[in-house]
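Chemist: Please see the structure below; I have some questions.
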Amino acid sequence: MIDSRMVSAENHGSVATSPFVPGIMLSQTVPTIRDTPGASIKTLLKALKTFPYRAVHALDIVDPIERAEFGAIVRERGLWLDFCVSRALGNDKLSPASADPSNRRRAVDMVCEMIVRGVGQGARYVSLSSGTGHRDARDRPDAIGRLAESLAKIYATIRAAATPGSPELGLLIEPMDVELDKRGTLGYAPEAIELVRALGAPDADVRLICDTAHLSLNGETPDSIVHAAELVATVHLCNCCVDPGNELFGDKHIRPGDPGVFDLEAFRRIIDGIEPVFAQSGSVIPVFIEYRNHGDPDEHLSYLAESFARVLVPR
């Protein structure tokens, strides 16, 4: 059972000594959340009652009234919000790295239009993945070049959306697995680091996500990316199966443990290993346990709370 001091939304002392703060991915608890009116607010409030979350990963909310109410909760509670547009792009089969100029242009236009929604929801970062813009490995360098051009346009729109006295707003990029499952254009850790630096980071507020599943599927480890801690804004603890013969092979956001490569103790070791690097950087880093729910949302939230108590709260 979790100590009540750990789950009080008013008491964050149990995680204050760490650079890491716990985050909740609303769309993992309710996968249909983008198409369910009121679900984002309902799920967020439920989550805040189960654990002292300090960060939220949320999809866009279409209804302007619900969006404003959600944003008010985020600001009132002082939550760090990752406003993710990847699902919207994927639903419309759009990629900012696409070789098709029309597809690429529509992807950029969609993200730029959604930035206003992100501001309304209280976003700290607008996040997206690269999508796929290449046929094979030979095409991928050109696709990364197209992605960089698209991201530069998106970041310029983000900066233009900033007004004096408004909260900071940055661009967050999620490198994907390249060859085995999602086949994202970006990518391996070194090229992701090179890309955000080319966009002006760390001076420009363009940052990366450290995702354990994508790194593992790329044959990399968290050390591959967190050595550039100043360029990493958040960590996704996500399990994956690397056995091509298993039906859960790839990045399926499976529960920690078999048949994947990470259980909760492995996640804890990762956190222990990278904590000194981020502690030196002085950054506050949201950590999300990315496990897709296929059952009761309340049970999912309870499991996440128990998991964070084992993975993140100091012993």
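Chemist: Using only DSSP helix segments of four residues or longer, with each worth -39500 (n - 2.57), what per-residue ellipticity at 222 nm results for the chain after dividing by its residue count and rounding to 500?
Modeler: -13000 deg cm²/dmol
Chemist: Separate question: Return the long-range amide H neighbours of residue 187 (sequence gap of 5 or more, or a different chain), with a cut-off of under 5 Å between placed amide H atoms.
Modeler: 176
Chemist: If you plug each phi of the range 185-199 into the Karplus form 6.51 cos²θ - 1.76 cosθ + 1.60 with θ = phi - 60°, what whole-Hz ³J(HN,Hα) values come out, in order, with x for Gly and Pro?
Modeler: 5, 10, x, 5, 4, x, 6, 5, 4, 4, 5, 5, 5, 5, 7
Chemist: Under a cut-off of 29 Å between alpha-carbon atoms, report the lysines in cross-link reach of residue 49, not counting same-chain residues fewer than 8 places apart.
Modeler: Within the straight-line limit of under 29 Å, residue 49 reaches these lysines: 252.
Chemist: Please list, in chain and number order, the residues 5+ apart from residue 57 or on another chain whose amide H is under 5 Å from its amide H, with Hs placed from the backbone.
Modeler: Those qualifying (amide H under 5 Å, at least 5 residues apart or on another chain) are 24, 25, 26, 82.
Chemist: Same structure again: Just add up the charged neighbours of residue 279: K/R +1, D/E -1, any other residue whose Cβ is under 15 Å from the Cβ of residue 279.
Modeler: Net local charge, residue 279 excluded: -3.
Chemist: With each label point set 7 Å from Cα along the Cα-Cβ vector, what nm distance links residue 36 and residue 280?
Modeler: 4.4 nm
Chemist: Residue 102 to residue 294: FRET efficiency via 1/(1 + (r/R0)^6), r the Cβ-Cβ distance, R0 45 Å, to the nearest 0.05?
Modeler: The formula returns an efficiency of 0.80 here.
Chemist: Where does each of 171-181, 140-150, 244-254 land if you order them by average Cβ count within 10 Å, highest first?
Modeler: 171-181, 140-150, 244-254
Chemist: Ok, one more. So if we plug the beta-carbon distance of residue 91 and residue 265 into 1/(1 + (r/R0)^6) with R0 = 45 Å, what FRET efficiency do we get, rounded to 0.05?
Modeler: Plugging the Cβ-Cβ distance into 1/(1 + (r/R0)^6) gives 0.80.
Chemist: Separation of the range 191-246 and the range 247-269 by C-alpha centroid, Å?
Modeler: A separation of 17 Å, based on Cα centres.
Chemist: Next up: When semi-axes √(5λ) of the Cα gyration tensor in Å is calculated directly from the model, which label among [x] 42, 28, 17; [y] 43, 24, 22; [z] 28, 23, 19 fits?
Modeler: Given [x] 42, 28, 17; [y] 43, 24, 22; [z] 28, 23, 19, the calculated one carries the label [z].
Chemist: So how much slack lies between residue 45 and residue 77, counting 0.36 nm per residue of separation and subtracting their Cα-Cα distance, in nm?
Modeler: 10.4 nm
Chemist: Compute the projected area of the convex hull of the Cα atoms of the range 165-285, averaged over all viewing directions, and report it in nm² to one decimal place.
Modeler: Reported value for the Cα convex hull: 8.1 nm².
Chemist: Per-residue HN-Hα couplings for the range 55-70, Karplus 6.51 cos²θ - 1.76 cosθ + 1.60 at θ = phi - 60°, whole Hz, x for Gly and Pro?
Modeler: Listing the rounded values in order: 9, 9, 10, 9, 8, 5, 9, 6, 5, x, 5, 5, 4, 5, 5, 4 Hz.
Computed from the coordinates by the stated procedures, all read-outs in this text should not be read as laboratory data. Note that the coordinates shown come from a computational prediction; the quantities given were computed from them, not determined experimentally. Counting neighbours? That spans all protein chains shown, and the Cβs are built from the backbone with ideal geometry, glycine included.
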